[in-house]
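J.: Mind looking over this structure? Questions follow.
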Amino acid sequence: MQTLIFLFSACWLMLCFIKLKFNLHMLQIEGYKNQKYIDWMSAHKDKIFTKNDRIYSIIMIINTLFFMLAATGAEERNLSPYAMAASLITSVFLIINTKKKDEAKKPLVMTNRAKRLILIAVSLTVVDFLILIGIIYFISGNIVRYFPLWSGILAIVYLFSAYYVLGANYIAVPIEKNINKKFYNQASDKIKEMKNITSIGITGSYGKTSTKFAAASILKEKYSVLNTPESYNTPMGISKIINSKLTDEYEIFIAELGATKIGDIDEVAALTNPKIGILTSIGPCHLETFKSIDNIMRTKYELIERLPDDGIAIFNYDNDYVKKLADKTFKEKICYGIKNIEDTDLFATDIKVGSTGSKFTLCIKDMGTVECETKLLGEHNILNILAGASVAKVLGLTLDEIARGISKIESVEHRLQLIDPGTGAIVIDDAFNSNPDGAKAALEVLDSFAERRKIIVTPGMVELGEVEEQENEKFGENIAITCDAVILIGKKRTEAIQRGLKKKAFNEDDLYVVNSLSEATEVLKTLTRAGDVVLFENDLPDTYNEH
């Protein structure tokens, strides 16, 4: 009997560990935010209580019920079959769950924080296991005889074990706060002591990353520049770069500042101590947490409020919300744009956007004009370049240096990145975090490929709050006008896009709705011909999977 108990206990703990690890992955994708993880759990009960988990728990409960009937009967019966059944059932489901492979686009990264959380979650699981054993022993005085009873109870505990991850995250809050505070203060003190560094902060609902790389490429024509990599824009991500990479050899530090709630920009701006602040755009991004555009405007303006008295604010004057903020500021400012050129200090004219890049004339007040050429696709990227050119003007680059820097700007990965896979078709990878303006710009780029069949693969746009349905429907209408074939990922998620397509009478024979990116790839294999252009517009994390 002891062997059976040991076998069950080991298999049960392993089952719990697999479930904990999956849920830790989801928590990591949700940025370790408890409320976002709770929202995900509420919306994905099928993943919290999977079919296999429910079957396992039900079988174990039935086994426990039969045991109780047998154990309370008048005649003394052999109860070992129930113990054997509990161990075997748990072993079988452990094998099934171990063999089950979930295709993760971005696998769980076992950072130090993730290791601490899984350790706490496992500890909570073991503590509950021991408490239950203790209670059984206290009541019956015989944990061996009543093994089938407590194994059934533990099967129910296993079913709800995803909540241990949530509990672990709550317990870890003070630990993480102390660790984060230490790294944050270290980075903040370091950059403030580096008097020769000019710090530049960039924020906006979208365009931050592209603007960061554009500005860095231009400024490198004159200065030694360090910018935060990829989309690093949180206090911890920026602190890590300052602590580990920023040295006296650099003259310029460029940081992208991200936010999902009021106060976030103030926190990262206080960390990076910027002298120049760029506000790229304001739109319905992260509306689920911001609740309103006014809150987004207030949050983004925190960067400008953090600038010193001799700091310079740079605004995208084409964006109506940013324009309002620019008009109210008393800081020294530079406004750039393409539409409102009479009111801007820096603008572009004679814009020619093609399928291999763009050309335009850069006009800078008090400096003159220069012809520019870039590999970047889409008119919205011209705006990102203008933001970079505005910083270059502030820091004293010549027109020739600016134009040379612009010609060297490379596409940012997953942002309208042109890829030739060698199959005769062309791929436009715009998989990163699509928004209404970005999606519209991506379709315009796709449309610029004249005489080619155009295919789009997309799950639609998310985190747009109350306007999400409306914007996705509009997106569907624009897709219908531009594309010859459409592959939508997620039947439920893309209902609004399907309505938009139907509204514009898109041919249903050219519409494919699949459950995952891997299924979309299989459809593409049969659909794509040489000469086609395929746009991948947005790619959602694994928390949005519908299968």
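J.: Where in the chain are the helices, taken as whole DSSP H runs, whose Cα atoms extend 24 angstrom or more along the long axis and whose Kyte-Doolittle mean reaches at least -0.5? Each step should come with its number before you reach the end.
T.: Values: long enough: 2-29 (41 Å, 1.36); 51-71 (30 Å, 1.02); 80-99 (29 Å, 1.06); 112-140 (42 Å, 1.67); 162-193 (45 Å, -0.48).
Span-like helices here: 2-29, 51-71, 80-99, 112-140, 162-193.
J.: What does the charge dipole of the chain about its Cα centre add up to, to the nearest 20 debye, if the Cβ of each Lys and Arg holds +1 and the Cβ of each Asp and Glu holds -1? Write down the numbers at each step before the final one.
T.: On the way: 64 positive and 69 negative charges, 353 e Å.
Result for the chain is approximately 1700 debye, rounded to the nearest 20.
J.: From largest to smallest, what semi-axes in whole angstrom does the chain give when each is the square root of 5 times an eigenvalue of its alpha carbon gyration tensor?
T.: Result for the chain: semi-axes of 53, 30, 18 Å.
J.: A follow-up question, please. Please list, or write none, the aspartates and glutamates whose alpha carbon is within less than 19 Å of the alpha carbon of residue 106, excluding same-chain residues fewer than 8 places away.
T.: Hits, sequence-local ones excluded: 30, 230, 413, 429, 430, 519, 537, 539, 542, 546.
J.: So how do 129-139, 159-169, 378-388, 296-306 stack up, highest first, on mean other-Cβ count within 10 Å?
T.: In descending order of packing, they fall as 378-388, 296-306, 159-169, 129-139.
J.: Taking every DSSP beta bridge with both residues inside the chain, roughly what % is antiparallel (nearest 5)?
T.: So the antiparallel bridges in the chain amount to around 30 percent.
J.: So how compact is region 238-369: Cα radius of gyration and Dmax in angstrom?
T.: Over region 238-369's Cα set, Rg and Dmax evaluate to 16.5, 44 Å.
J.: Still on this structure, I have one more. Which value, in Å², gives the accessible area per residue of the chain when a 1.4 Å probe is used on the protein heavy atoms? Walk me through the numbers on the way to the answer.
T.: Details: 25900 Å² over 547 residues.
In whole numbers, the chain has 47 Å² accessible per residue.
J.: Which cross-chain or sequence-distant (5 or more) residues have an amide H under 5 Å from the amide H of residue 426, H modelled 1.01 Å from N in plane?
T.: 531, 532, 533, 534
J.: Continuing with the same structure: Arranged from highest to lowest average of other beta-carbon atoms within 10 Å per residue, in what order do the peptides 250-260, 274-284 appear?
T.: Per-residue Cβ counts within 10 Å, averaged per peptide and sorted highest first, yield 274-284, 250-260.
J.: Hey, can you rank 423-432, 21-30 by average C-beta count inside 10 Å, highest first?
T.: 21-30, 423-432
J.: Next question, about the same structure. Over 5 Å intervals from 0, what percent of Cα-Cα pairs in region 1-135 sits in each interval?
T.: For region 1-135, the pair-distance distribution reads 2, 9, 14, 19, 20, 14, 10, 6, 4, 2, 1, 0.
J.: Taking 0.36 nm per intervening residue step and subtracting the Cα-Cα distance, what contour gain separates residue 128 from residue 447 on full extension?
T.: That works out to 108.9 nm of additional length.
J.: Taking the alpha-carbon distance from residue 182 and a cut-off under 16 Å, which lysines remain once sequence neighbours fewer than 8 residues away in the same chain are dropped?
T.: 190, 192, 240
J.: Here is a further query. Given just the C-alpha atoms of region 441-547, how large is their convex hull per residue in cubic angstrom?
T.: Hull volume normalised by residue count: 96 Å³.
J.: Hey, any idea what % of the chain's accessible area is carbon plus sulfur with a 1.4 Å probe? Spell out each step's value before the answer.
T.: Numbers: 14270 of 25900 Å².
Roughly 55 percent of what the probe reaches on the chain is carbon or sulfur.
J.: Another question, if that's okay. Let me check the size of region 120-274 from its C-alpha atoms; what are the radius of gyration and Dmax in Å?
T.: So, for region 120-274, Rg and Dmax equal 24.7, 80 Å respectively.
J.: Charges on Cβ only, +1 for Lys and Arg, -1 for Asp and Glu, centred on the Cα centroid of the chain; of 399, 175, 282, which one is farthest towards the dipole's positive end?
T.: Of the candidates, 175 comes out farthest on the positive side.
The values are calculated or read from the model by the stated rules, or taken from the named source; none is laboratory data. Please read all numbers here as calculations on a predicted model, not as lab measurements. With ideal geometry, Cβ positions are generated from the backbone for all residues, glycine too; neighbour counts draw on all protein chains shown. Keep in mind that these areas ignore ligands, DNA and RNA; they rest on the heavy atoms of the full protein, side chains included. Shrake-Rupley method; radii C 1.70, N 1.55, O 1.52, S 1.80 Å.
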